[in-house]
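Heads up: the structure comes next, in structure tokens.
The values are calculated or read from the model by the stated rules, or taken from the named source; none is laboratory data. Only a predicted model underlies this, so the values are computations on that prediction, with no experimental measurement involved. Neighbour counts are summed over all protein chains in view; Cβ atoms, including those assigned to glycine, are modelled from backbone coordinates with ideal geometry. Just the protein is used for accessible areas: all its heavy atoms, side chains included, with ligands, DNA and RNA removed. Shrake-Rupley method; radii C 1.70, N 1.55, O 1.52, S 1.80 Å.
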Amino acid sequence: MHDKQRTANLLGATALAVADLALAGATKAAGTSASGAAALVALSASPGLSVTELGRRVGLSQSAAARMVDSLESDGLAERRQGPGRWVSVVPTAAGRRTSQSLLAARGSPLTGMLDALDDTERDTLAELLGKLLARAYAEVGDAELMCRLCDRAGCVRDGAVCPVGQAERDGPGGDGTGGGGTGGDGPGDCGRGARGA
């Protein structure tokens, strides 16, 4: 008989170890906090977000997001731009876009190394299982942008693959493909629609 509790414990330990490895590489490459690194990835995928929306996508309050954007601006990685009326958008600078690419590479390197412990068949099986777990996680979290805040979106849909989080969002609670989060075509919910990914 399968010990579900032991498997859950192993999953938790693995998830924490993987998160630690991924965040250490990403934050070191970005020279910023985990939320700052996630913000650079979000801005590279969707330049022109408001401070409030950027904060939502990385899990910060509006005031914390404003302080994070201040920090990114002082580091020359992002800038605020005045739009029509009171609208202020945040865009990555050229240095911010380069940093985003570097941090995604730094995030992915230790994770790719971990996969060396598996053969090709095991990696294919793991990819399928991770897709199922991510879809289940989306049902709990309900926010594709937040879940995929440090995701290499182009890598997720490489070779015509479908982003499992984007698919779960499109399927929505009724499984009818209409989706629940409405990312407007520029977020993880759009990942699985084609190879453009970002």
> So what is log10(I(q)/I(0)) for segment 1-75 at q = 0.16, 0.19, 0.25 1/Å, when the Debye sum runs over its Cα atoms only?
Replying inline: -0.64, -0.78, -1.08
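Tell me the carbon and sulfur percent of the accessible area for the chain, rounded to whole percent, probe radius 1.4 Å. Provide the component values of the computation, followed by the final result.
On the way: 6060 of 11000 Å².
Carbon and sulfur atoms account for 55 percent of the accessible area of the chain.
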> Once amide H atoms are built 1.01 Å from N in the peptide plane, which residues 5 or more positions from LEU49, or in another chain, come under 5 Å H to H?
Replying inline: VAL90
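Over the Cα atoms of the chain, compute the convex hull volume and normalise it per residue, giving Å³.
Expressed per residue, the convex hull around the Cα atoms of the chain is 140 Å³.
Extension gain THR125-ASP20, at 0.36 nm per residue separation less the Cα-Cα distance, in nm?
Working: separation 105, 0.36 × 105 = 37.80 nm, distance 2.34 nm.
Result for the pair: 35.5 nm of gain on full extension.
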>> Rounded to the nearest 20 debye, what is the charge dipole size of the chain about its Cα centre when +1 sits on each Lys and Arg Cβ and -1 on each Asp and Glu Cβ?
In response: 560
> Each residue of segment 121-134 in order: what ³J(HN,Hα) in whole Hz does its phi give by Karplus 6.51 cos²θ - 1.76 cosθ + 1.60, θ = phi - 60°, with x for Gly and Pro?
Replying inline: 5, 5, 5, 4, 5, 4, 4, 5, 5, 5, x, 5, 5, 5
>> With every protein chain kept in place and ligands, DNA and RNA left out, what is the accessible area per residue of segment 96-162? Probe 1.4 Å, answer in Å².
In response: 63
> For segment 1-61 and segment 126-152, what is the separation of their C-alpha centers, rounded to whole Å?
Replying inline: 11
